[in-house]
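Remarks on the structure that follows.
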Amino acid sequence: MATALFINRTDLVKNTIINGNVDTDTFLQFVNLAQIQHLQIYLGTALYDQISNAILANTISADLDDLLKNYLQPMLIHFSMVDYLPFSSFTISQGGLQKHSSENAQQATKDEVDFLVQKHRNFAEFYTRRFIKMKKEYIIKAVNLNKLINYVLKKETVKKVKSNGKRNIR
């Protein structure tokens, strides 16, 4: 089965320090990992699967698009960086584990990498709190709407019963 990623390469390049020259294959697995480890927990499996299926079928509604762009994609961008940054300097090839170096650049120290990871974790947690708050507000509105609908339906039932001259049986 195909995997639906909630963000793409452009989202990462535009919203992080990832350079446009970085090979997509080096970080996409971290996007997938972050999506499963972090987003699926906050969304729940049913909503996660609904979003994945809508992306794969290219049937994203306006509400779903709003949810993706304003809440889920910012979360995923920064959770992806949290997972990617510690591995960004390394590759495994036929020669074994290798650490990249550049002629005109210095390698980041572990403390510098840890600092960047923590910054991205803070960003991701900010967007996660926004999502949770929105989700709670949506649930409260839905519950209140449901109560209002039940109240109106109950009133209508009482009116019908009174107009028929019968007692309220409900």
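The values are calculated or read from the model by the stated rules, or taken from the named source; none is laboratory data. Worth saying up front: this structure is predicted, and the values here are computed from it rather than measured. As a convention, Cβ positions derive from the backbone with ideal geometry for all residues, glycine included, and neighbour counts pool all protein chains shown. Each accessible area value is taken on the protein alone, full model and side chains, heavy atoms only, with ligands, DNA and RNA left out. Shrake-Rupley method; radii C 1.70, N 1.55, O 1.52, S 1.80 Å.
Every residue, every condition in (1) of a type in the set (D, E); (2) surrounded by 15 or more Cβ atoms within 10 Å (Cβ to Cβ); (3) closer than 19 Å to F123 by Cβ, yes or no:
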| position | (1), (2), (3) |
| --- | --- |
| T10 | no, no, yes |
| L47 | no, yes, no |
| I55 | no, yes, no |
| L64 | no, yes, no |
| Q73 | no, yes, yes |
| H78 | no, yes, yes |
Mind checking which residues of the stretch 83-126 are loosely packed, with under 14 Cβ neighbours inside 10 Å, within 27 Å of the chain's Cα centre (by Cα) and outside any helix (DSSP H, G or I)?
S89, F90
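Looking only at the stretch 12-45, how many residues end up being among the aliphatic types (A, V, I, L, M) and open to solvent by 70 Å² or more (accessible area, probe 1.4 Å)? Working first, answer last.
Here is the first cut: in the stretch 12-45, the ones among the aliphatic types (A, V, I, L, M) are 12-13, 17-18, 22, 28, 31, 33-34, 36, 39, 41, 43.
If we keep only those that are open to solvent by 70 Å² or more (accessible area, probe 1.4 Å) too, we end up with 17, 33, 36, 41.
So the answer is 4.
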